[in-house]
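Encoded as C-alpha cells, the structure appears first; notes follow it.
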Amino acid sequence: MGMKVDNDKQVAASNDLISAIQAEFADEGLTCELRFHAGGKQKRPYVFIECPPAIWLIVAETLSEVHGVDYCSMITGIHWPEKAPEMEWQVVVHLMRMSIRNPKSKDGILIPTITDASIVQGAAMPLELEISIAIPETRTPSIPSVQHIWVGADWNEKETWDLVGIDFDGHKDMRRVLQPHETPAGFHPLQKQHKLRYHEFNEMYDDAQGFMRKSEDIGKVK
Amino acid sequence: MFPQSWGVSILVSGRQIGDNMVATDWFDVRGAVSWLAEQTMDYTVGMTRFWEQKYWLSDFTAAFAMAAIIFVVTMLSVLGPVWMERKLIARLMDHRGSTIAIRSLWTGEGNIRVEWWKNLPFGIGIPIGWINGFLWNNFGNESSNPKVTQVGNRSYAGWWWALPGMINNFADFTKFAIKEHMPPRDADTVTYEVAPFIIISTTLLVFAFIPYGPTLYAANPDLSLIYMMAIFGIAPLGVFFAGWASNNKYTLIGGMRSAAQLTAYEIPLLVTVLGIAVLSGSLNIIEIAEFQMNSSEGSVWNIFLMPLGAALFLITMIAEVERTPFDMPEAEAELVEGWWTEYGGMRWGLLFASEYLRALAACLLFSLFFLGGWEFPFEDSLITIPIIGGIFEFIFQIIPHSIWLLMKAWLVFGFFIWVRASLHRVRTDQILEFGWRYLLPLSVVQLGLSMWLRLGVYDGGSWPLIVPALITLVSIVLFVVLVMDEDEDALAEQRRPYHVSEINKASPGARMNMED
Amino acid sequence: MAEMWISMGPQHPMTHGLWTLKVKIDGETIVDTIPDLGYIHRGVEKICEARDFTQITPYCDRLCYASANTWSHSYIYAAENLLEVEVPERAEYIRLIAVELQRIASHLMWLGAYCPDIGNLTAFVYCLREREMMLDLLQELGGSRMHYNFPRIGGVKRDLPHGFAMRCRAKVKLFLERIHEYEALLDESTIFLIRTQGVGYAKPEEMVNHGVTGPNLRAGGVNYDVRWAHPYSVYDELDWIPSVERSSVKGADCYDRYRVRLDEMKTSADLVLQALDGIPGGADTYHEPGDPALLGKAPSRASDGQTGFHHFEDPRGESLFYIVGGGDARGKNPYRVSIRSPMFITIPYAAKCMIGYKIADVPAIMGSFDPCIGETDR
Amino acid sequence: MAYHPRATPNFRNLVVRPMWITLRAALRTIPVIGPKLFSSGYHGKEAKMLDEKTANRIKGGDSDSRFYAADRETSHFVKSPSRPVTIMYPYERLEDLEPWLFVPNNYNGRIGVVWETCTACKACVRACPNDCLHMESEVRVNVLDMPDASDENLGLSTVEFMEGGYLAQKKEDFEDIENTFSLETAHESAPQQYDFAEIIDLSGNTASVRWQETGKIESVDLEGMIPAEQDIVSGRIDLGRCMFCGLCMESCPFNSFFMTNEYDGMSGMTRNDLWMDASRTRVLPVVHKEAVDRELAKRADKERSKRERAAKKASKTKQQSEDKPENAEAEA
C-alpha cells in the first residue's frame, strides 16, 4: 500500500554508487561511505562523500554525467574557526538523483511518466547525496563552481558567497543576492566572528542601528 | 421661437419634439423651465426698453438652466453605478461590500466621539455640532444586542443600514479632495495638469446630448449622435496625454495600450452605431429612441431587431470605458494602475469620476439605442390589457419615464459589474486581435443587416411582429447552438493545446529563445 | 520603440511579496529579466545559531507566511535526524494531517493570489473563503491562524481536539465539492485559458537542472515527489499518487501549473481523510499534551559536529534543512542551520521562463510558479 | 489525473460557466428564496460540528439551538438581509460563530499569568525565544492563602502578617468581579479582587495599615484579613517582540502561565504602549479554576508533608531535648 521507494533497494543503489566513486577517486583523497538518517521510522540511507576541494569539479562532473545525479539541492558553507588549520571552511553540497527525463509525447501531448515507486530500480533509483568539502585555513576560501553542471547551483553559490564568504571559481555573475548590493566587500554575516549583538531590551526600539550600543555589550552573545 | 441668435440655436434648436411625443408625462422639465424663463423674462426684461431681447434671453436662460439640471442629474445618477460597483460585486464575490453607515459621523469609533466639526474654519461647523449632538442623544451608541455593547463600538444593530455604503462615495470624495497634489518632478507639467481636465470635460460634454427622458436633455441638435460620438472619442487623446506626460514607464505603456485599444474598438463601435442609425432612419438620439417606442412607426426595441448589434455595442463599449475584461490600459497586475499611476488626489478623483461617467454614458446609450429608451417594457401592450391595463396606465402616468431609463441604465451597469466579476483580463495582443479580426467584420455584417432590414423589410409603419420575433428566435437558437457545440469525446482526446497566440510576432527585434 | 528597462518591484502588484524583477522590454515583448531579491532578508540562519532547538521552531514557522506548518515540520524532521529521535506513530499521523491541511491552505492562497494577477478578483475571495475552513482546522490544532508552532522535536504539541475528526471531515468534504466552483470559474473560462495556455513553457529536465521541484515539476508530466522518493512520515502507509499533469510537448505552461495544484489539493484532502481513518488509536481519542503517544523523548543537545538534514516536500518544491549540532561549547544551540528554500532557486528560473512573452504575461508566469518571498529571503 | 474535460477556449466557455457561478453566488444572498433555490446542495448545508465534550464546554451561550454549517454560514446575531461569509468584526466575533475554535490553553492569544500561583522560577523567561518576558515584583495573595473557610487547605500558608509586610482584604464585589470580568472584551488591566495595604504597625490583633489605593492610614482588625506578600511574578511583557509561540506556557511547571483567548486590544500608538505590565497580563484565578485548584492542592500537600516532617523533626528534637533538658534550658 502506498507509494514508497524500497529502503533496501535504495541502500543497494547507494552502495553501487559508493563503490564506483571510490574506485575512481580513492587515490586522490576522496572518502565515501553510506550513512543513515537517524530519525524517522525508516532509517533512510544517503551517500556521504568527503571530497578534497581540488578534485571537486571532476567529482561533480562524474556524478552528473556517469551516475545521473541530476539535481543540486543545496550548496551551503560553514565557517569553522575552531577547526582552524585543516578545516576552517566547509562547503556542504546536497545533491539528489531524481532520474527525470522529459516524458514522451504523442500528437503534441505528453504522456505523463508515472514512476511506479515499488519497482523503480537501477539508475532510476532516487538517491540522496551529501558532499562535504573541507577547505584549510585561508582568508580567501574558494572552490570550483559547478554552475555549468547544475544551473540550480548558480544561486546557491551566490548565496554561499554572500552570506558565508566562500567564493566559487569560474562562477559567472557573482553578486550579492540576499544582502543589499552596497554591502561592504568582505562582510559576510554567517562567519563566526560576527556575533549576534546583545541589547538591553529597553533600548532595542530606539536603537535599531546600534549607535547607542554600550561598549560592554559589544561581542556579547545573547 | 423668434428671434434666435446663432449660438443659442445650436443648443436649443433642432426639431422641437413634443407634438408627436409618444411617452410624455407630467414630468415636463423642459417645458417647465422654458415656461419659467419666459415668464421671468416677461416680467423683467419685457417691462424694460429692452423688451425685444426677452425672447432670446429667455431661450438662453432656459438652455442654461437645462444644462445645469442635466449636470446635477448626471452627478446624482453616477452615484448609483459607484454604489452598485461596491455592493453588487461584493455579492457576486460572496462577501460583504464596503459599509460605512452614516451613523459613524456622530457615534465615532470605540465610544470616542471625534468632534471633527470643531476643526472647520470660521465656526461653520457649529450647526453640524448641534445636529450631531441631537443625533448622538437620540441615536447614540446603545444597542439591545449584548454582542455589540460588549465591544463598545458604534452600534451595528441600530439603523446601520441607513445608506449602507452610500456614504462611502462622499467619504471617498472628501479623501480625494483633501489629498496633496504631487506632480512627478520630471513630468511635463502643463500636459500633466491638463490631461485630466480634457478627459473629465469631454466626458461631461457627452451628457449634453444624452437625453434622460423625453423632456430632460440639455441640447438636441439634428446630428446629436455624430456630435456625441465625436466628443466621446476625444477622451483617449487625454488618456494618451496623461500617459505621456507623467514621465513614467508604466503610464507610458498604459497610454500606448489605451491608444491602440481605443482605436481598435472605436471603429466597430462607430460602424455598429451607424447600423442603429440606418435602422432607425435618424442621426438624432432622441429620434432613435422614439423610433423604438412610437406606436405609428417602428415601435420595436432595437435589441429584438439587431441582437448582434447589441452584443457588439456592449462589448465595444466595455472596451471603450476600459472595464474588465478589457482594462488593459490600467491593468493593475502588471502596469500598477496604467496611465493613472502618477495621478493622486483630486486629479485621480476626476479620472475616477470620468471612468464612471463614461460607463454611465455607455449604459444610457445602450438603453436608448437598444432597450427602448424611456419606455417601460411592453408599455403599449400592457395598457391594452382589458382589466389591469388601466392600472398600468395609471402607473405610467404617475411615474416619470426618466425613471425607467435610469433603471435600465443601472441594470446595464449591473451587467458590466457581473462581467467584471466573472471574467479575466485579456492580453494586449489578444484584445487587438479580437477587435480587428472579429468585431470589425461582425459590425460590418451588422450594418449590412440593418440596411437590408430598413430598405427591404421595413415599410414605414410599425414593424410586423414576425420580424423581431423571427430575428430574436434565430439569435437565441444560434446562441444555444454555439454554446452546445462541443464534441466532448474529441475534447478528451485533444484537450491540449489550443494556443490562441504563439507569441512570436508583434514587435520587430524581439529576441526569441523559444524552441519548437 | 527602443528597448527599455522596467523595474517591477519592490512594491508592485505582481511581486506577491517584496522583491524586484527588472524587465527589459521591446515594445510589449520581454527581452531580458533580472530578479533582485533580499528585501526581507531577516537572517534567520544567523538567529537560529543563538536559539536552542525548541526555540527555532517558531522562527521556522515564520519563513513562509502562506504555509507556516510545512516549514516548521521541515525543520523538525531535520532536527529529529540530528538528535536521533523516535517519533510515535500517532504523532506522525497528526503531523501528516497538519501538513496536508496546510498544503491545501497554501495552494488556495496561491490560487487566490494568482487570479487577480490575470484580472479576476472573484476567485481570490472564493479561495480565501475556503482557506478559512482550513485555517479553522489548523487553529484547532496549533492554536493560531497563521504561525502555529505545532510540531515538537519527537512529536506534536497536542492531540487532535475533541470532535476534530468530525469537523475536519465535514469541512474537507465541503471543500472537495467547492473545488468545482473554481473549475467552473477558471477551467471553463475562455479568457483564463487563453491567458494561461501556451504561456511560460518549462520542460522537466530543464527544471530539474535549474533546481525547480514540487508542483512546478509535476506539471511537466513526471510524478517525482519527495514524499515517495525519500519517504518520511507515514505517507507510505496511505494510498495516494502525486498529481501529474498532461502538458504539451513544449513543456508545462501556466495552465498546467494551475491544474496540478488544483489536483494536488484534492490529493491532499484525500490524504487527510485517509489519515483520519487510519490514525492509530482512533481519531476520537484524546491524549493530554506531553503524553508518550504524542511526544517521544528527545535530547536537547547535539554533540559536536553531528549533522542532520531532511528533504521535505513543501507546497512550493523541495525544502531542506541542514543542521550542524553545536557540541558542548554552544550549549543547546546548533552550530549552523542552513535552509534550502525552493522559491529562492525557482524565481531565477521563472524569470528566465518569461523571456519572449508580453509584459502582461509577467504576472501570469511569475504567479504560476507560486513565489513566496518570506522563505526566499529568509 | 489532473485534467478537466471542458477546458478549451470556445464560445461556450466564453460566457456561460463563469458568469453562472458568480451569478449564483449573488443570488444565494437573496433573503428567503436565495438559499433554497441557489444553494447547489452544499452551500450552507447543516452539519454536525459539536461533539458532546465540546458542546458541554461551550454550554451556556446560545450555541445549543444554533444552526451550524461546515463553513461560516452559521448563524447571525444581527438580522441582516442575507449572509455572505464575511464576519463583521468587531460586531460579530469568531468565537461566537465558531465556538469550538477557542479551546482553552490552545489558542495562542495574549499572554496571561495567574499571579497567585507563580513561583518566579523563570522557566518562561528562559523558554522565550525573543526575550520579551520579564519578571516584575507585585503585591499578591499567595495561592495557599486563597482557600475558603471550609477548604481543607486552609491555614497552610507560610505568609504571615508582619510589619513592613502586606495584607489584603477581599473587595465587596469580589464575586461580581469574577463573574462579570471577561478578558476577551475588556482590553484593560484585570481588576484586583483585593484591596492591599502595607502594614505599618502590628500590635496583637490590630494593625495600622496604609491602603495602597487611597493612601489612607487606618487601624484595622486582622480578623478577616488575608496576608499578602510582595513577590516576583512573571508578567511584564513586550508584545512588540512576542511572537505568540506559546513556548512559555508549555514550559511553566506550575500551571500559572497561560495563553489567553484574547486576540484583540493588543495595539498601541507607540511601541512603548506594547509594553504590558504585570497587571495587564494578569489572569483572574477563576478563569483557570481547575489549574489553580490543582496547583493549590499540590502545594498544600507539599506544605503539609513539610510540616509533618518538621513536626516529626520537632518531636524528635523535643525527645532529644527531653533527654538532655539541661542543654535545652541552657539554650533557651
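The values are calculated or read from the model by the stated rules, or taken from the named source; none is laboratory data. Remember, it's a predicted structure, so these values are computed and weren't measured experimentally. Glycine also receives a Cβ, built like all others from the backbone with ideal geometry; neighbour counts cover every protein chain displayed.
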**Request:** Those residues that are aromatic (Phe, Trp, Tyr) and farther than 26 Å from residue D:260 by Cβ, I need them from region D:188-215; list them, please.
**Result:** D:211
**Request:** Please find, within region A:64-82, the residue that is nearest to the chain's Cα centre (by Cα) out of those that are in a loop (DSSP other than H, G, I, E, B), more than 8 Å from chain C (Cβ to nearest Cβ) and buried (at least 17 other Cβ atoms within 10 Å of the Cβ).
**Result:** A:69
**Prompt:** Failed condition for residue C:158, given (1) within 14 Å of chain B (Cβ to nearest Cβ); (2) of a type outside the set (Phe, Trp, Tyr); (3) surrounded by 22 or more Cβ atoms within 10 Å (Cβ to Cβ), with all others met?
**Reply:** (1)
**Request:** Select from region C:239-250 the residues that are within 9 Å of chain D (Cβ to nearest Cβ) and either part of a strand (DSSP E or B) or not aliphatic (A, V, I, L, M) (or both) and list them in ascending order.
**Result:** C:243, C:245, C:246
**Request:** Would you mention how many residues in region A:85-116 are more than 25 Å from the chain's Cα centre (by Cα), within 7 Å of another protein chain (Cβ to nearest Cβ) and in a strand (DSSP E or B)?
**Result:** 4
**Prompt:** Out of A:13, A:38, which single residue is in contact with a helix residue (DSSP H, G or I) (Cβ under 6 Å, 6 or more places away or on another chain) and hydrophobic (A, V, I, L, M, F, W, C)?
**Reply:** A:38
**Asked** On the given criteria, is residue C:253 within 14 Å of chain D (Cβ to nearest Cβ) and within 30 Å of residue B:252 (Cβ to Cβ)?
**Response** yes
**Asked** Quick one: is residue B:35 over 30 Å from residue B:174 (Cα atoms), among the aromatic types (Phe, Trp, Tyr) and at pLDDT 85 or above?
**Response** yes
**Which numbered condition residue C:93 fails, given (1) touching a Phe, Trp or Tyr at 6+ places or on another chain (Cβ under 8 Å); (2) at pLDDT 90 or above** = (1)
**Request:** Within region B:199-236, track down each residue that is out of contact with any helix residue (DSSP H, G or I) (no Cβ under 6 Å at 6 or more places or on another chain), among the aromatic types (Phe, Trp, Tyr) and assigned to a loop (DSSP other than H, G, I, E, B).
**Result:** B:217
**residue C:272 aliphatic (A, V, I, L, M) and within 22 Å of residue C:344 (Cβ to Cβ)** = no
**Prompt:** Among the residues of region C:285-299, is there at least one that is more than 9 Å from every other protein chain (Cβ to nearest Cβ) and either of a type in the set (Val, Ile, Thr) or in a helix (DSSP H, G or I) (or both)?
**Reply:** yes
**Asked** Taking region A:136-153, which residues are among the polar types (S, T, N, Q), more than 10 Å from residue A:57 (Cβ to Cβ) and away from chain C (no Cβ under 14 Å)?
**Response** A:138, A:140, A:142
**Prompt:** Of all residues in region C:1-54 being within 11 Å of chain B (Cβ to nearest Cβ), assigned to a loop (DSSP other than H, G, I, E, B) and small (Gly, Ala, Ser), which is farthest from residue C:298 (Cα to Cα)?
**Reply:** C:2
**Request:** For region D:234-251, name all the residues that are in a loop (DSSP other than H, G, I, E, B) and either within 15 Å of the chain's Cα centre (by Cα) or hydrophobic (A, V, I, L, M, F, W, C) (or both).
**Result:** D:239, D:242, D:243, D:244, D:245, D:246
**Prompt:** Just one of the numbered conditions (1) within 8 Å of chain A (Cβ to nearest Cβ); (2) buried (at least 24 other Cβ atoms within 10 Å of the Cβ); (3) modelled with pLDDT under 85 is not true of residue C:230; which one?
**Reply:** (3)
**Prompt:** Which residues, taken from region D:128-157, are assigned to a loop (DSSP other than H, G, I, E, B), crowded, with 16+ Cβ neighbours inside 10 Å and either more than 14 Å from chain C (Cβ to nearest Cβ) or of a type outside the set (A, V, I, L, M, F, W, C) (or both)?
**Reply:** D:129, D:130, D:141, D:142, D:146, D:147, D:153, D:156, D:157
**Complete:** For region C:188-214, pairs from a residue that is more than 7 Å from every other protein chain (Cβ to nearest Cβ) to a residue that is of a type in the set (Val, Ile, Thr), with Cβ under 7 Å and 6 or more apart or across chains, are C:199/C:365; C:200/C:365; C:212/C:345; C:212/C:346
**Asked** What is the number of the single condition among (1) under 25 Å from residue D:304 (Cα atoms); (2) without any contact (Cβ under 8 Å) to a residue 40 or more places away in the chain that residue D:101 does not meet?
**Response** (1)
**Request:** State whether the residues of region B:188-198 include one that is part of a loop (DSSP other than H, G, I, E, B), in contact with a helix residue (DSSP H, G or I) (Cβ under 6 Å, 6 or more places away or on another chain) and without any contact (Cβ under 8 Å) to a residue 60 or more places away in the chain.
**Result:** yes
**Request:** Exactly one condition in (1) more than 25 Å from residue B:422 (Cβ to Cβ); (2) small (Gly, Ala, Ser); (3) under 20 Å from the mean Cα position of the chain (by Cα) is not met by residue B:311; state its number.
**Result:** (1)
**Message:** Restricting to region C:108-155, give me the number of residues that are on the phi > 0 side of the Ramachandran plot and within 14 Å of chain B (Cβ to nearest Cβ).
**Reply:** 1
**Residue selected from region C:265-284 under the condition under 27 Å from the mean Cα position of the chain (by Cα) and in a loop (DSSP other than H, G, I, E, B), by the criterion nearest to residue C:171 (Cα to Cα)** = C:283
**region A:25-46 residues that are under 17 Å from residue C:321 (Cα atoms), paired with ones that are among the basic types (Lys, Arg) (beta carbon under 6 Å, 6 or more apart)** = A:36/A:43; A:37/A:44; A:46/A:35
**Message:** Within region B:360-441, considering only helices (runs of 4 or more DSSP H) that don't extend past its boundaries, which have at least 2 residues that are surrounded by fewer than 24 Cβ atoms within 10 Å (Cβ to Cβ) and without any contact (Cβ under 8 Å) to a residue 40 or more places away in the chain?
**Reply:** B:379-383, B:389-398, B:401-422
**Prompt:** How about region D:252-275: which of its residues are more than 14 Å from the chain's Cα centre (by Cα) and modelled with pLDDT under 80?
**Reply:** D:264, D:265, D:266, D:267, D:268, D:269, D:270, D:271, D:272, D:273, D:274, D:275
**Request:** Looking at (1) more than 20 Å from residue A:41 (Cβ to Cβ); (2) touching a residue at least 12 places away in the same chain (Cβ under 8 Å), find the lone condition where residue C:249 falls short.
**Result:** (2)
**Request:** Sort out which residues of region B:108-125 are outside any loop (DSSP other than H, G, I, E, B) and at pLDDT 65 or above, and write them in order of number.
**Result:** B:116, B:117, B:118, B:119, B:121, B:122, B:123
